[in-house]
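The values are calculated or read from the model by the stated rules, or taken from the named source; none is laboratory data. Keep in mind the model is a prediction, meaning the values are calculated, not measured. In this analysis, Cβ positions are derived from the backbone assuming ideal geometry, glycine residues included, and neighbour counts consider all displayed protein chains.
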Amino acid sequence: MWSMFFPFGRRRATEDRADEPVLDRRPLPLRRATGNRLAVIGFAMLIFFLLFSFVGPLVYRTNQDVISLVDANQPPSAAHLLGTDANGFDQLGRLMKGGQTSLEIGLFAAVVAVTIGTLWGTVAALSNKTVDSIMMRVVDVFLSVPFLFVVLILAVTFVPSVLSLSLVIGGFSWQVPARLVHSEVLILREQDFISAARIAGTPPWRLIIRHLVPNTLGVVIVNMTFQVADAILAVAYVGFLGFGLQFPDVDWGDMLSDGMQYMQAGYWWLVYPAGVCIVLTVVALNFIGDAARDATDVRLRHR
Amino acid sequence: MAPLLDVQNLSTSIKLTSSTVHAVDNVSLRVGKGETLGIVGESGCGKSVTGLSIMGLLPPGGAVTGGSIKLNGRELVGLQKEEVRRIRGNQIAMIFQDPLTSLDPTKTIGYQVAEPVRLHRNVSRKAALDRAVEVLGLAGVPQPRERLDNYPHQLSGGLRQRVMIAMALACEPELLIADEPTTALDVTIQAQILALLRDLKERLGMAILLITHDMGVVAGHTDRVCVMYAGQVVETSGVVPLFRETRHPYTRALLASIPRFRQGRENALPAIPGLPPDLSRPPRGCRFAARCFRATEKCRAEEPPLTGPTSAHRYSCWHPLNEPRTLAVSGVDVSGTTGTDLVAPDARSPRTADGIRTSATEHKPETATANGDREGPLLDLRNLVKEYPVGSNAVLRRNAARVKAVSDVSFSMPAGTTFGLVGESGCGKTTIGKMIVALERPDSGSVTFGGVDVAKLRRAELRRERRDLQLVFQDSHSSLDPRMRIGSIIAEPLHAQHWGSRQARRERVFELLAEVGLPKNTVERYPHEFSGGQRQRIGLARALSLNPRLIVLDEPVSALDVSIRAQMLNLMTRLQASHGLTYLVVSHDLTVVRHLADRIGVMYLGKLVEIGSGSDIYERPAHPYTAGLIAAIPLPSPAAEHAKKEPAITGELPSPVHPPSGCRFRTRCRFAQERCAVEEPEPRSFGPGHLAACHFPLRTATPPETTADFAG
């Protein structure tokens, strides 16, 4: 799977090795990424949060369905490791449930954004000048619309769900990958190897699949990790402002928002855990993104 | 007298993530006051790192690990940064290869030239600017005072290099390090810059350390020479003895692998087999042993010291050339004074990257027989015109200026021959190559290939026609998709043309690899794992895959080192013979074109100015531009270089947006008269197949006053 995205092997061009069989085919960027300590930390943290959110509830079973005001706002104890919230739900179990929706929305929104952006950018770059200009001006227009307002307006009209929130967030963050891919394809299409393929008689669709897409994947993957992080933050903003998912569904931003009411009361367990989860997940994704960028950057390859 | 610069046993290494490159190993050299020392060698031999070590400008991870560098008796190794900074740009100055990247694009010329003066001499802004005007004038920049407010992008490459030289001169340095100062420039500009450097050295009494890969530059512009190989000095002597009494086999091999004018392509060039060693793991013994035809067991075991009969001429070789024979070397002629046979012609070496001989000879020249019965030329270009609008937004600027890349060019070439197209950068030669393979469409005119006008073909027809028309690119790095394996890259044309089954394509790829001398396992690798020469072989294999009739070679060897270049040239000659190929060679390098081509066309600013056979062009040029171009080539012979006087062509290339009226060369031509500005010269005949377009040619036209046609 990885080698599809990063088909590199490290080999120095020395004559004496030319006759050796090729042994080590482990892709270079992957080795480089594992060699990067921050990347390892990032991956470890991300995997932790994925396990925590999706496997955690199977191990640590809690009531997240029935409101129990008797148990409301209890401090951490043996029965409730992180205490309970105003509805009497176990806070740790709730963090897991919120994590599920936050991560799902983050990933899904990023996929939506990157897919639209890549297609848009590639088509624009390969079109004639007029179409290209119009398409890229559309991107500029979208970039100048304040995204949060639109989400808030939509949230008032529609009932937000995981799917609709993802689509809205994704629909407002494809502009950056569109620009990235656009500039990348503009450079690539002037490269000699594209000319070489054209001289060989390669049809246009094959040019795109065999040459353009694989060569933009590096940029796209890097951007994707940052997109996930941004989408998780966006969900948190929306949730914090009270326009997030509907009760009993919850995300980390919602939890933060709910907990804020009790800041004066000293119910720290309602605020800090959710905040820490958001921060750490975003940090982990940014670490991975940085490492991926280093690994795919040709300019750094020979260092 | 103590030398100005005294480098003793300098070793420099550069740390990479996984290895350490010992770029310079135990190098000693001296530069006297007012002397020019040339450091010559191929890329990666440590010549630039030596220069950077002296300047204290090593890249990250680089450090001087041993030895001393003394300037005027003062030790530079281990100096505090502050003190180094005081010396750098003041006592030692440096000019770099690429004048485009070594000037700051956001600062004016005046600011940049005055900067070292203000840093090192405690003077006012005004005085510093006055000094800038003075040195710009010294460096031959016309109207220096008006130029002060220009930005680098407003100047041509040659002028930028003059500005760099002016910056270097600003503080009257005692030593100027010139690292490949003319490599990025056209040959006529190169001649001007080198003449300027020599003149400045004499006038200012400055010493120059000239780093170059070009034996011709060394021959004409240095007093003494150090030949470097794999991080070490292998031979050092005065410039005349180095060429006359060459001792080290590497030096001899370097000299021999340069194509000569008088040498046609009947004989293969003596190439140095193999590649230079990897300096992160330097070999034991003599570093050249693996590629040396005279190498013995001793060479592989023991490192030869740098000694010689006199301290003026020293060399590190156990079996130097031209010396009384001390060792009987079995099977090898050691008496060697002829030079060419001392280097393995590549077919004789058993272990080279160049093991080409395998199947090339068995291959039937099928294409040749297929085309043999055709009448007339294989390729015929008529009145080709190509212009590009300047500026990107064509929608808004309706009357935008246009670059006249190719203006009314016609020529033709019969099957099985090689046509060479030469000219300086921007003369339109690459555009013609692209139009022939239909990467670009001409604005007007026709490209007739085998009776079909390629420029008018529809897409599907063109795709079929592409089988016969292939291109080998100049930059082997960008012409291979970095994310594809070599096997897929070579098979791509086969795939696109639906050639054979998967298995047949695979077989074909192996066959092609063998023809260009690469091992089978190449198919699984990626382009970045190969050296420039190997990548160029891959490009050639790809071009050959469909058995084309015509291959356009766009600067096929200009990115390669001299020794690798000779391997490539031999390979191309051999493939042409075995496949009956027709070549169009596009190059700025006249020696390369001379070596490959049967007929040569000389281009200037989008126009063909002269056309003729190799000997017509090189021995009997009729157009002043051709003559000047040939005179500007640095020859690897000190005597010939010193005999040259002024640069033959002065001035800069005019803008192709507004080319001069009449004869486009007139602005740089010493014979130009009023008529040249008014009337465009028609081509006239100067012998069979020899035509030139000039009003005042260097030879008499035969018959005079009748015009002819280049396509004739």
Somewhere in the stretch B:521-531, is a residue assigned to a helix (DSSP H, G or I) and surrounded by 23 or more Cβ atoms within 10 Å (Cβ to Cβ)? yes
Just a yes or no: is a residue in the stretch B:539-551 closer than 29 Å to residue B:427 by Cβ, at the interface with chain A (Cβ under 9 Å from one of its Cβ atoms) and small (Gly, Ala, Ser)? yes
Within 14 Å of chain B (Cβ to nearest Cβ) and polar (S, T, N, Q) - does that describe any residue in the stretch A:179-194? yes
Residues that are surrounded by fewer than 24 Cβ atoms within 10 Å (Cβ to Cβ) and over 22 Å from the mean Cα position of the chain (by Cα), drawn from the stretch B:620-634: B:620
Complete set of residues in the stretch B:143-176 that are more than 22 Å from residue B:205 (Cβ to Cβ) and outside any helix (DSSP H, G or I): B:143, B:148, B:149, B:150, B:151, B:155, B:156
Would you mind listing the helices (runs of 4 or more DSSP H) fully within the stretch B:573-679 where at least 1 residues are touching a residue at least 60 places away in the same chain (Cβ under 8 Å) and outside the structural domain of residue B:402 (by TED's automatic domain parsing)? B:590-596, B:614-619, B:624-632, B:638-643
So which of A:225, A:216 is buried (at least 20 other Cβ atoms within 10 Å of the Cβ) and closer than 30 Å to residue B:475 by Cα? A:216
Lone qualifier among B:282, B:305 - being modelled with pLDDT of 80 or more, part of a loop (DSSP other than H, G, I, E, B) and surrounded by 13 or more Cβ atoms within 10 Å (Cβ to Cβ): B:282
Qualifying residues in the stretch B:552-566 (those that are away from chain A (no Cβ under 12 Å), assigned to a helix (DSSP H, G or I) and of a type outside the set (D, E, K, R)) - the one surrounded by the most Cβ atoms within 10 Å (Cβ to Cβ): B:566
Whichever residue in the stretch B:422-459 is at the interface with chain A (Cβ under 10 Å from one of its Cβ atoms) and either out of contact with any helix residue (DSSP H, G or I) (no Cβ under 6 Å at 6 or more places or on another chain) or β-branched (Val, Ile, Thr) (or both) and, among such residues, is nearest to residue B:627 (Cα to Cα): B:434
Can you tell me which condition residue A:188 does not meet? The list is (1) buried (at least 16 other Cβ atoms within 10 Å of the Cβ); (2) of a type in the set (A, V, I, L, M, F, W, C); (3) farther than 30 Å from residue B:465 by Cβ, and all the others hold. (3)
Residues that are basic (Lys, Arg) and under 20 Å from residue A:223 (Cβ atoms): which helices (runs of 4 or more DSSP H) entirely in the stretch A:130-201 hold 3 or more of them? none
Restricting attention to the stretch B:460-481, the residues that are assigned to a loop (DSSP other than H, G, I, E, B) and within 7 Å of another protein chain (Cβ to nearest Cβ) number exactly 6
Enumeration of residues in the stretch A:149-167 that are surrounded by 15 or more Cβ atoms within 10 Å (Cβ to Cβ), hydrophobic (A, V, I, L, M, F, W, C) and in contact (Cβ under 8 Å) with a residue 24 or more places away in the chain: A:151, A:152, A:155, A:162, A:165, A:167
Counting only residues that are surrounded by fewer than 20 Cβ atoms within 10 Å (Cβ to Cβ), give me the strands (runs of 3 or more DSSP E) lying completely in the stretch B:1-110 with at least 1 of them. B:5-15, B:20-31, B:62-71
Checking residue B:504 against (1) more than 22 Å from residue B:579 (Cα to Cα); (2) surrounded by fewer than 23 Cβ atoms within 10 Å (Cβ to Cβ); (3) more than 7 Å from chain A (Cβ to nearest Cβ); (4) of a type outside the set (D, E, K, R), the condition it does not meet: (1)
For the stretch B:484-498, check the following and say yes or no: at least one residue is more than 10 Å from chain A (Cβ to nearest Cβ), among the charged types (D, E, K, R) and assigned to a helix (DSSP H, G or I). no
Please indicate, with yes or no, whether at least one residue in the stretch A:211-230 is within 30 Å of residue B:499 (Cβ to Cβ), within 9 Å of chain B (Cβ to nearest Cβ), without any contact (Cβ under 8 Å) to a residue 24 or more places away in the chain and out of contact with any Phe, Trp or Tyr (no Cβ under 9 Å at 6 or more places or on another chain). no
